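Below is one structure, written out as structure tokens; the observations come after it.
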Amino acid sequence: MSKIELSIGPNFFNWSNEKLVDFYARIADEAPVDRVYIGEVICGKRMPFNDKVWPEIYERLTNAGKTVVFSAIALPVTVRDRKSINALSADCELVEANDIACVHKRSGEPFVGGPFLNIYNEQAAKVLMNLGMETFCPPVELPIKSVEAIAQALPELTIELFAFGRLPLAVSGRCYHARAHKLHKDNCQFICDRDLDGMDVTTLDDQKFLAANGIQTLSHSVQAITLDRDELLTKGIGRLRLSPHDVDMIAIAEIYRDLVEGKIKSSEAVARLQTQQLPGALANGYVTGKPGHLWKTD
């Protein structure tokens, strides 16, 4: 392995169709990335709205030479959710499974193991490889030492590390956005569309704590893995994933492209990231086995 690819992960947030189309048009035309994940991952109630634009987005990205992967929902709870998994598993060449139901529906066909799957060691990863997993995006709380152990044990598996963005920590049956606005989940009015990077959650002492995105809990801080190219290669990382946010994702992708091509060192990548208008402070604690909100520099 001598090349590290870049990907744009699935969008977690409730963006309008117009914003989705514009965002992915820029990704297609300007972002120096190899792979793009699309589709609704968080809330099945959003699907009737954004399902309309995914075919157009898919065509724009593929025409631009990007590899496109459809991401399946992370917490299927309704018949519609399950039908969406069935349809993706049957029709798409490559799917990202974020729930074990999708793994089984693929019936041995290639798939990406998403960060919502609870895979924490090489034995579990091997089981899913035998079922068709060709790429693995580890859970974001997994230390880099554990990721490296999986990569060494399974060299044929592509490791795609979640390198940038608010960390996807959990999904729940409750809708935090609706509750915060004194609405019921069944009548949420899609209130999560007000917060393009998630709704900030603070403690009683007014300290920044987490972010809520409908039924999803995210970190308030922004993960930034900025290991040098040689370090990434040594640890068996084949691809870095950049999670979409309402920031200049073209600039973010260019920073990481320079990093993985060895044009800049980690310190310069960090300095450039800090000039961007990010929704939270940089963090990399989980990578070093520390609390995830911490920022550790060498």
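The values are calculated or read from the model by the stated rules, or taken from the named source; none is laboratory data. Every value quoted in this text rests on a predicted model; they were computed, and no experiment measured them. Reconstructed Cβ throughout: ideal geometry from the backbone, glycine too, with neighbour counts over all protein chains shown. The area values use the complete protein model at the heavy-atom level, side chains included, leaving out ligands, DNA and RNA. Shrake-Rupley method; radii C 1.70, N 1.55, O 1.52, S 1.80 Å.
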Radius, Kirkwood style, for the stretch 1-65 when every pair of distinct Cα atoms is counted (Å): 12.5 Å
Pairs over 29 Å Cα to Cα, from LYS126/LYS235; LYS83/LYS208; LYS3/LYS296; LYS182/LYS290; LYS66/LYS265; LYS126/LYS290, come to LYS83/LYS208; LYS182/LYS290
Which far-off residues, 5 or more places away or on another chain, put their amide H under 5 Å from the one on VAL69, with H placed in the peptide plane? VAL36, TYR37, ILE38
19 Å tail of the calculated P(r), the stretch 222-298, as % of Cα pairs: 34 percent
Take the Cβ-Cβ distance between ASP205 and GLU141 as r, set R0 to 25 Å, and report the resulting FRET efficiency rounded to the nearest 0.05. 0.55
Highest-first arrangement of 159-169, 277-287, 14-24, where packing means the average Cβ count within 10 Å: 159-169, 277-287, 14-24
Report the antiparallel proportion of the DSSP beta bridges in the chain as a percent, rounded to a multiple of 5. 35 percent
In Å and on Cα atoms, what radius of gyration and Dmax does the stretch 60-124 show? 12.5, 38
Where only alpha carbons of the stretch 177-229 are counted, the Rg and the Dmax (Å): 13.9, 48
For the stretch 181-265, state the semi-axes of the equivalent ellipsoid (square roots of 5 times the eigenvalues of the alpha-carbon gyration tensor), sorted largest first and rounded to whole angstrom. 34, 15, 12
Output the direction-averaged projected area (hull surface divided by four) of the convex hull of the alpha-carbon atoms of the chain, in nm². 14.7 nm²
Rolling a 1.4 angstrom probe over the protein heavy atoms, how many square angstrom per residue are accessible across the chain? 46 Å²
Distance between Cα centroids, the stretch 198-276 to the stretch 157-172: provide it in whole Å. 10 Å
Taking the stretch 23-160, the whole-percent share of alpha-carbon pairs separated by over 19 angstrom is 52 percent
Among ALA31, ALA170, ALA224, whose mean-square fluctuation peaks in a Gaussian network model of the chain (Cα, cutoff 10 Å)? ALA170
Which percent of the accessible area of the stretch 6-143 is formed by carbon and sulfur heavy atoms (probe 1.4 angstrom)? 51 percent
First compute the accessible area of the stretch 181-243 with a 1.4 Å probe, then give the percent of it belonging to carbon and sulfur atoms. 47 percent
How big is the stretch 151-298 along each principal axis, measuring the range of its Cα positions in Å and listing the largest first? 50, 35, 29
List the residues, sorted by chain then number, that are 5 or more residues from ILE215 or on another chain and whose placed amide H is less than 5 Å from its amide H. TYR176
Within the stretch 1-131, percent of DSSP bridges classed antiparallel, to nearest 5: 0 percent
Quick one: compute the contact order of the stretch 177-283, relative version, from alpha carbon pairs under 8 angstrom and 6+ residues apart, as a percent. 24 percent
Which order do the peptides 123-132, 98-107, 32-41 take when ranked by the mean count of other beta-carbon atoms within 10 Å per residue, highest first? 32-41, 98-107, 123-132
